[in-house]
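The values are calculated or read from the model by the stated rules, or taken from the named source; none is laboratory data. Please read all numbers here as calculations on a predicted model, not as lab measurements. No Cβ is skipped: glycine too gets one built from the backbone with ideal geometry, and neighbour counts run over all protein chains shown.
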Amino acid sequence: MVNYPTVAVVILNWNGRKFLEQFLPSLMRTTYPAVQFIVADNGSTDDSLDFLSRNYPGVIQLRNGTNEGFAKGYNTALKQVQAPYYVLLNSDVEVTPGWIEPVIQLMEENERIAACQPKVLSWREKTKFEYAGGAGGWMDRYGYAFCRGRIFDVCEEDKGQYDDTVPVFWASGCALFVRSKIFHEHNGFDELFFAHQEEIDLCWRMQLSGYDVYVCPSSVVYHVGGGSLPKGNPRKVYFNYRNSLIMLFKNYTFWERLWKIPFRLVLDGISAAQQLFKGNPGFVVTVLKAHIAFYRWLFSSWDRTCFPAKRVALPRGIYKGSIVWEYFIKKKQRFKEIVGTKG
């Protein structure tokens, strides 16, 4: 590449001193020549910022007095960052040499690409795909998100089977490359979400506006996962169920809402019942609270400004069947078994 547009790597930090100490060294080995590193602190109460000041004085600090969550925290921070490209990078991500170059080259060659992700592998099991991103996100017709390389809790071993650079439905928020102009044109993340599903919602809205979302597997990062809210945490379950329903209502057409939302509510109920039979009644209570919060939003709080302004394109990366049926009934656990070789 002759031209190197500026890339701002922005880490949203909340009491993440341990991860900053562990993973900033790999980030400092980034070879891309026009990069700036920013830590946007979300009201940390540990010594994260003192650690940065002592050990990484070249890292720009943006300080927010309260924890605004992933969505609003990033919106607040990115209003202060001037660069053609943002990389929203989790603090628990280890990057590899040359991780920025292939993604920026791809996006520079195709102006329709609004967002892109690298291949996301597990930091703990480096030969396996990581839950939060895999090799790019997809969605089934009922709004269930999954990844190339990860179906529900099953993460495949990376054998190069998803090393093609292709469009996907959503790009992982743990290492999200996005054009700053398009991010702000779409008002960034929906701040109601607080955390979880907001990157899927943004990618969906950008696709409806005519842009593409890609995965670039020649760039590789390793993600720990569960740094802020571990898997199974009631708050995490609540956000996932509530935010998913809000996202579907926002981005479905009127006719899709009429039958897909009720069907999704039924599927959520079945999922909660399974957890009840497994001896986890708290899960049922959390899902019920998430549904109540969705109804409250639906009948009193939703704002038409949060909906896509226009629909000029159909999203890519949507599986026309049910991932729940394929996984739980037909016992298919790999992406290509379900979607086929074209996915």
With respect to residue 118, determine if the residue is in contact (Cβ under 8 Å) with a residue 60 or more places away in the chain, assigned to a helix (DSSP H, G or I) and either basic (Lys, Arg) or out of contact with any Leu (no Cβ under 8 Å at 6 or more places or on another chain) (or both). no
Which of the residues belonging to segment 308-328 are under 21 Å from the mean Cα position of the chain (by Cα) and loosely packed, with under 14 Cβ neighbours inside 10 Å? 314
Out of 294, 263, report the one residue that is within 24 Å of the chain's Cα centre (by Cα), part of a helix (DSSP H, G or I) and either among the aromatic types (Phe, Trp, Tyr) or more than 26 Å from residue 166 (Cβ to Cβ) (or both). 294
Here the residues within segment 79-108 that are closer than 19 Å to residue 199 by Cα, among the hydrophobic types (A, V, I, L, M, F, W, C) and touching a helix residue (DSSP H, G or I) at 6+ places or on another chain (Cβ under 7 Å) are 88, 93
Output the number of residues of segment 112-130 satisfying the condition of being farther than 16 Å from residue 168 by Cα and surrounded by fewer than 22 Cβ atoms within 10 Å (Cβ to Cβ). 7
Across segment 178-196, what is the number of residues that are outside any helix (DSSP H, G or I) and either of a type in the set (Val, Ile, Thr) or within 19 Å of residue 167 (Cα to Cα) (or both)? 2
Of these, 162, 222, which one is out of contact with any Leu (no Cβ under 7 Å at 6 or more places or on another chain) and hydroxyl-bearing (Ser, Thr, Tyr)? 162
Only one of 146, 129, 152 that is modelled with pLDDT under 95 and farther than 30 Å from residue 62 by Cβ: 152
With the requirement that a residue be more than 20 Å from residue 184 (Cα to Cα), more than 18 Å from the chain's Cα centre (by Cα) and of a type in the set (Gly, Ala, Ser), what does segment 54-108 give you? 58, 65, 98
In this structure, does residue 161 turn out to be out of contact with any Pro (no Cβ under 9 Å at 6 or more places or on another chain), polar (S, T, N, Q) and surrounded by 22 or more Cβ atoms within 10 Å (Cβ to Cβ)? no
Under 26 Å from residue 101 (Cβ atoms), touching a residue at least 40 places away in the same chain (Cβ under 8 Å) and not in a loop (DSSP other than H, G, I, E, B), is that true of residue 24? no
Would you be able to tell me the number of residues in segment 288-301 that are at pLDDT 95 or above and buried (at least 16 other Cβ atoms within 10 Å of the Cβ)? 4
State all residues of segment 91-109 that are acidic (Asp, Glu) and assigned to a helix (DSSP H, G or I); if no residue qualifies, say none. 101, 108, 109
So the check is Cβ under 6 Å with 6+ separation or different chains; which pairs have a first residue in segment 83-94 that's touching a residue at least 60 places away in the same chain (Cβ under 8 Å) and a second one that's surrounded by 24 or more Cβ atoms within 10 Å (Cβ to Cβ) and polar (S, T, N, Q)? 91/13
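Every residue, every condition in (1) within 17 Å of residue 161 (Cβ to Cβ); (2) in contact with a Cys (Cβ under 9 Å, 6 or more places away or on another chain), yes or no:
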{"residue": "108", "(1), (2)": "no, no"}
{"residue": "115", "(1), (2)": "no, yes"}
{"residue": "120", "(1), (2)": "yes, yes"}
{"residue": "129", "(1), (2)": "yes, yes"}
So the check is Cβ under 8 Å with 6+ separation or different chains; which pairs have a first residue in segment 311-334 that's more than 21 Å from residue 153 (Cβ to Cβ) and modelled with pLDDT of 90 or more and a second one that's among the hydrophobic types (A, V, I, L, M, F, W, C) and in a helix (DSSP H, G or I)? 315/204; 315/208
Report the residue count in segment 266-283 for those that are surrounded by 14 or more Cβ atoms within 10 Å (Cβ to Cβ) and part of a loop (DSSP other than H, G, I, E, B). 1
